[in-house]
Structure formats: structure tokens, C-alpha cells
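J.: Following this message is one structure expressed as C-alpha cells.
Each reported figure results from applying straightforward, stated rules to the coordinates on display, with no laboratory input. Small disclaimer: the values here were computed from a predicted structure and weren't measured. Please note: Cβ atoms are built from the backbone with ideal geometry, for glycine as well, and neighbour counts cover all protein chains shown.
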Amino acid sequence: MPKQEEDRILREWTPILLRSILIAAMITLVAGLILTYTFAPDYYVEHYRAAQHGHLIGKETLGLLFDRVRQGNPHAVLTIGLFVLTLVPLARVAFCFILFIRERDYTYVALTAYVLAGLIAGMLAGSAG
Amino acid sequence: MLEILIGLLALAVGAGFIGSLSGLGGGVFIVPALVIFAHMPMQVAVGASLISVVATSAGASVAFVRDGWTNLKVAMVLECATVTGAVIGAYLAGIVPNVVLELLFAAMMLQSAYFTVTKRGDDILTKGDPLAVRLELAGEVPDLSGNLVHYEVVKVPQGGALMVVAGLMSGLLGIGSGALKVMAMDYIMHLPLKVSSATSNFMIGVTAGAGALVFLARGDVATTIASPVAIGVTAGALAGSRLLPHLRVESLRTVFVIILVLIAAEMGWRALSGI
């Protein structure tokens with residue numbers, strides 16, 4: 001693949017990728033806030049006051065999270081929205097990684113692989129800590 | 001609930017708006033806003049801010065990438081350094097005492113103020129160093145008359161070293177560290193200023209994303225706070241970027257510097273009086 005073609009694909013598709021995930025995350029967050037306001041306003045206030053004292057709800061596994069979403073738990077919808085938002089950079093780097101593999105540009109395959117590994121290592125370090 | 005929600009949204013919209021106009025990003029303003037006005041501990045403010053920074057970076061990058069201002073390859077090379085720093089920083093943020101975080105934050109605000117005052121002009125290089133040439137980091141940027149001007153890049157390792165620090169500060173303090181990133185690219189690597197700003201903004205998503213993933217996976221994000229903050233900061237940044245072309249930002253520079261110095265003083269005072 002010529003360099004100009006690679007650059008064109010990156011400049012055309014990166015904004016589409018960024019915008020799509022951002023819009024999906026924002027819709028989920030707004031929906032989560034509306035659900036919270038409608039069904040669990042007291043929980044929201046309680047959670048806010050607890051956060052002021054540094055008390056957070058702690059870790060949630062993805063399985064538990066999806067179970068709660070299925071039950072219509074507004075807090076879980078908010079958490080999903082935040083997770084989707086953090087997928088923006090992950091998806092963008094993964095997209096570049098795949099493009100560089102297709103182009104056999106191994107220097108950039110290695111660099112984007114390192115960034116991807118760093119993002120995944122961060123997530124694992126957070127889960128373990 | 002509505003009162004709290006409106007308060008958080010107002011703080012976030014304001015932070016995103018000023019962050020966008022000053023070019024420093026929403027994180028620099030939302031962290032102190034949450035600490036000072038919403039009485040949140042630093043760690044809670046940092047977690048919420050990191051996520052909002054991912055959102056604003058993605059929103060602002062769309063136009064910069066499409067219009068060719070972002071140097072994607074420079075971003076990909078330097079992201080290796082910022083991600084390393086950000087993961088270490090976010091991990092340490094759960095251990096480092098609040099007082100240290102507040103003092104570091106005050107220092108970063110002063111650095112941002114210094115950067116705002118001393119922004120360098122364009123100094124386009126026509127010859128890059130061997131590593132930059134091998135990594136194909138050169139690019140083209142339109143001049144005032146719309147003609148494309150070729151620019152080269154130098155000192156990648158030195159720029160990368162400063163990027164590790166930028167990543168570390170981002171993970172520790174919940175900010176994009178845009179001022180440090182632009183300094184590395186503009187002062188050290190000699191990229192044109194607008195390319196440095198656009199590339200820094202693009203990279204901030206990955207840097208803050210790395211930190212945000214650590215916080216989220218650790219369960220250290222207050223979702224009820226981070227959600228309205230992310231929405232508000234994004235909306236404020238969007239409004240700021242729409243208004244930016246119609247404002248004389250140069251004349252606002254003094255106001256930004258005063259705000260930064262005042263916040264630095266407040267955060268420093270809070271840290272020292274709490275010891």
C-alpha cells in the first residue's frame with residue numbers, strides 16, 4: 001500500500017472511529033443519568049456524599065456489570081458509558097495497529113503494539129491493585 | 001439530586017470552555033473545580049477528570065486529524081513514552097498522599113502559566129535527524145497563504161523523555177499535560193506550533209485513556225460524578241472551540257495566566273495547611 005493511501009485511510013477513518021464511539025458513550029451516559037434521576041435519585045445523592053469522603057463503590061467485574069444493566073440498574077448504565085468512553089483511544093490504537101500490519105510497516109506495528117500492551121497492562125494493573 | 005447534577009454540569013461546562021479557549025484542556029480546570037467547589041478528594045477528582053479528558057481529546061481531534069494538522073506518526077512514536085508514564089502515574093495515584101498530589105498539581109499549574117506566557121513561534125526545520133528520518137516523522141503544514149510547507153523533526157529521544165514525565169503527571173493528576181507535551185514537540189523537536197498543539201491534543205486521549213483504564217479497573221472512579229463531568233466538559237469544550245475563531249485569544253492570555261496562578265496558590269495553600 002503506498003504511503004499516501006495509508007495516510008488517507010488514517011485521516012479518513014480515525015475521525016469516524018473517534019466520533020462514533022464518543023457519541024455512543026455520551027448517549028449511554030445521558031441515558032444513565034436520566035435513569036438515575038427517574039429511579040434512583042437518593043442513591044445518587046448518597047453516592048455523591050460518600051465520594052466527598054473518599055468512599056467509592058469499588059471494583060465491578062464485567063459480568064456483574066452486564067447483569068446489572070440487564071436488571072436496568074442506572075448506576076451500571078453509567079459505568080458502561082464510562083468504559084465505552086475509555087475504549088476511544090484503545091479502538092484508535094488497535095485500528096492503527098491493524099492498518100500497519102496490512103501495510104507490513106513493522107516499525108509502527110511494534111510501536112502501536114507497545115501502546116496497546118501499555119493500555120491493556122494498565123487495565124490489568126488496576127484490576128490487580 | 002437535580003441540584004448536585006446541575007452544579008457538577010455547570011462546573012464541568014465552565015472548565016471545558018476555559019480549557020478549550022486557553023488550549024490547556026479541561027483537566028487543568030476541572031480537577032481544582034471539583035476539589036475547591038465540590039469538596040472532592042484529589043483521587044476522586046483525578047479519576048473523573050481523566051475520563052473527561054479522553055472525551056474532549058476525541059472531540060477536538062476529529063477536525064484536526066481530518067484537516068491534516070495532526071502528525072499521526074509523531075503521535076504514535078511519542079505515545080509509547082506517554083503511555084508508560086501514565087500507567088505508572090495512575091498506579092501511583094492510588095498510593096501517593098493527597099498532599100503530594102495537591103502540591104504537584106500546583107506546580108503543574110505554574111508550568112502551564114509559564115508555557116502560556118512563553119509560547120514560541122514557528123521555527124520550521126528543513127533537515128531532520130537520522131532517527132526522525134528513519135521513522136518518517138516529517139510532515140507538511142499550510143502557511144498563511146495556504147501553500148504547503150515541508151517540515152522536519154529532530155531530537156526524538158529527548159522529546160520522548162519529556163513525554164514520559166507528561167504521562168506520569170497525567171496519570172497522577174488527571175490532566176492531559178498538554179502544556180508539557182506541546183513544549184516537548186515545539187521547543188525540543190521543533191514541530192510547528194499548530195502541529196504540536198493538534199498532535200498533543202490527539203495524544204492526550206491515549207495518555208488519559210491509559211490512566212482512566214487503571215482507575216476504572218481499580219474501581220476508583222465515582223461514576224455519579226465522572227458521568228456529568230464528562231458530558232459537561234465535552235459540551236464546554238465544544239462551545240469553546242466554536243467560539244475560538246471569533247475571539248482574540250491573545251488578549252485573554254493574561255486572564256488565563258492569572259487564573260492558573262490563583263488556582264496554583266489555592267491548591268498549594270490547601271496542601272500546606274492540611275499538613
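J.: What is the order of A:VAL88, B:VAL255, B:VAL53, fewest Cβ neighbours within 10 Å to most?
T.: Numbers: A:VAL88 28, B:VAL255 12, B:VAL53 33.
Result, fewest neighbours first: B:VAL255, A:VAL88, B:VAL53.
J.: With springs connecting C-alpha atoms under 10 Å apart, model chain A as a Gaussian network and identify which of A:THR107, A:THR28, A:THR79 has the largest mean-square fluctuation.
T.: A:THR107
J.: How big is D for segment B:118-274, in µm² s⁻¹ as a whole number, if Stokes-Einstein is applied with the Kirkwood radius of its Cα pairs at 25 °C and 0.890 mPa s? Before the final figure, lay out the partial values.
T.: On the way: Rh = 18.2 Å.
Translational D for this selection: 135 µm²/s.
J.: So, one more: Got a sec? How would B:PHE64, B:PHE202 order by Cβ neighbour count within 10 Å, fewest to most?
T.: B:PHE64, B:PHE202
J.: For B:GLU266 and B:LEU252, calculate 0.36 nm times their separation in residues minus their Cα-Cα distance, and state this gained length in nm to one decimal. Provide the component values of the computation, followed by the final result.
T.: Values: separation 14, 0.36 × 14 = 5.04 nm, distance 2.13 nm.
Between B:GLU266 and B:LEU252, full extension yields an extra 2.9 nm.
J.: While we're looking at this one, here's another question. Non-local amide H neighbours of B:GLY176 (under 5 Å, H modeled in plane, Pro and chain starts lacking H): which ones?
T.: It is B:GLY27, B:VAL28, by chain and number.
J.: Here is a further query. Identify which of B:GLY26, B:GLY171, B:GLY139 has the largest mean-square fluctuation in a Gaussian network model of chain B, with springs joining Cα atoms closer than 10 Å.
T.: Taking springs between Cα atoms under 10 Å, the residue moving most is B:GLY139.
J.: Residue by residue through segment B:169-185, what is 3J(HN,Hα) from phi via Karplus (6.51 cos²θ - 1.76 cosθ + 1.60, θ = phi - 60°)? Round to whole Hz and write x for glycine and proline.
T.: Along segment B:169-185, the couplings run 5, 4, x, 6, 10, x, 10, x, 6, x, 4, 5, 5, 5, 4, 4, 7 Hz.
J.: Further, regarding this structure: Mean-square fluctuation check for chain B, GNM, Cα pairs under 10 Å: which of B:MET40, B:MET183, B:MET163 is largest?
T.: Result for chain B, Cα springs under 10 Å: B:MET40 fluctuates most.
J.: Tell me, what HN-Hα J-couplings in whole Hz come from the Karplus equation 6.51 cos²θ - 1.76 cosθ + 1.60 at θ = phi - 60° for each residue of segment B:232-238, using x for Gly and Pro?
T.: Per-residue couplings from phi come out as x, 5, 5, 5, x, 5, 5 Hz.
J.: Given H placed 1.01 Å from N in the peptide plane, which residues other than close sequence neighbours of B:VAL149 have an amide H under 5 Å from its amide H?
T.: It is B:VAL141, B:ASP143, by chain and number.
J.: Between the alpha-carbon centers of segment B:68-89 and segment A:76-121, tell me the distance in whole angstrom.
T.: Here the two parts' Cα centres lie 12 Å apart.
J.: At most 13 other Cβ atoms within 10 Å and a DSSP loop assignment: could you name the trypsin sites (Lys or Arg not before Pro) in segment B:197-275 that fit? Don't jump to the answer; show the numbers that get you there.
T.: Numbers: sites: B:ARG218, B:ARG242, B:ARG248, B:ARG253, B:ARG270; in loops: B:ARG248.
Filter output for segment B:197-275: B:ARG248.
J.: Let me ask you something else. For segment B:96-167, which trypsin sites (Lys or Arg not before Pro) pass both filters: DSSP loop (anything but H, G, I, E, B) and at most 11 other C-beta atoms within 10 Å?
T.: On the way: sites: B:LYS119, B:ARG120, B:LYS127, B:ARG134, B:LYS155; in loops: B:LYS119, B:ARG120, B:LYS127, B:LYS155.
Loop-located and lightly packed - B:LYS127.
J.: Over 30 Å, how big is the tail of the calculated P(r) for the protein assembly as shown, in percent of all Cα pairs? Mind showing how you got there, number by number?
T.: Numbers: 28910 of 81406 pairs.
Considering the protein assembly as shown, 36 percent of its Cα-Cα pairs are separated by more than 30 Å.
J.: Would you mind checking which residues have amide H under 5 Å from B:LYS155's amide H? H placed 1.01 Å from N; only 5 or more apart, or other chain.
T.: B:ASP129
J.: What is the ratio of the Cα radius of gyration of segment B:75-140 to 2.2 N^0.38 Å, with N the residue count, to two decimals? Provide the component values of the computation, followed by the final result.
T.: Numbers: Rg = 17.3 Å, N = 66, 2.2 N^0.38 = 10.8 Å.
Cα-based Rg divided by the globular estimate yields 1.60.
J.: Where in segment A:17-111 are there trypsin sites (Lys or Arg not before Pro) that are in a DSSP coil and have at most 11 other Cβ atoms within 10 angstrom of their Cβ? Mind showing how you got there, number by number?
T.: Working: sites: A:ARG19, A:ARG49, A:LYS59, A:ARG68, A:ARG70, A:ARG92, A:ARG102, A:ARG104; in loops: A:LYS59, A:ARG104.
Listed in order of number, the matching sites are A:ARG104.
J.: From the convex hull of the Cα coordinates of segment B:1-114, what is the mean projected area in square nanometres? Don't skip to the end; give the middle numbers.
T.: On the way: hull surface 33.3 nm².
That works out to 8.3 nm².
J.: Report ³J(HN,Hα) in whole Hz for each residue of segment A:84-100, in order, from the Karplus equation J = 6.51 cos²θ - 1.76 cosθ + 1.60 where θ = phi - 60°; Gly and Pro get x.
T.: Along segment A:84-100, the couplings run 4, 4, 6, 6, 3, x, 4, 5, 5, 5, 4, 4, 4, 4, 5, 4, 5 Hz.
J.: How many percent of Cα pairs in chain B exceed 36 Å? Numbers along the way, then the final one.
T.: Details: 4130 of 37675 pairs.
So the portion of pairs separated by more than 36 Å is 11 percent.
J.: If we count other beta carbons within 10 Å of each Cβ, what is the order of B:LEU9, B:LEU262, fewest first?
T.: Values: B:LEU9 18, B:LEU262 13.
Lowest count first: B:LEU262, B:LEU9.
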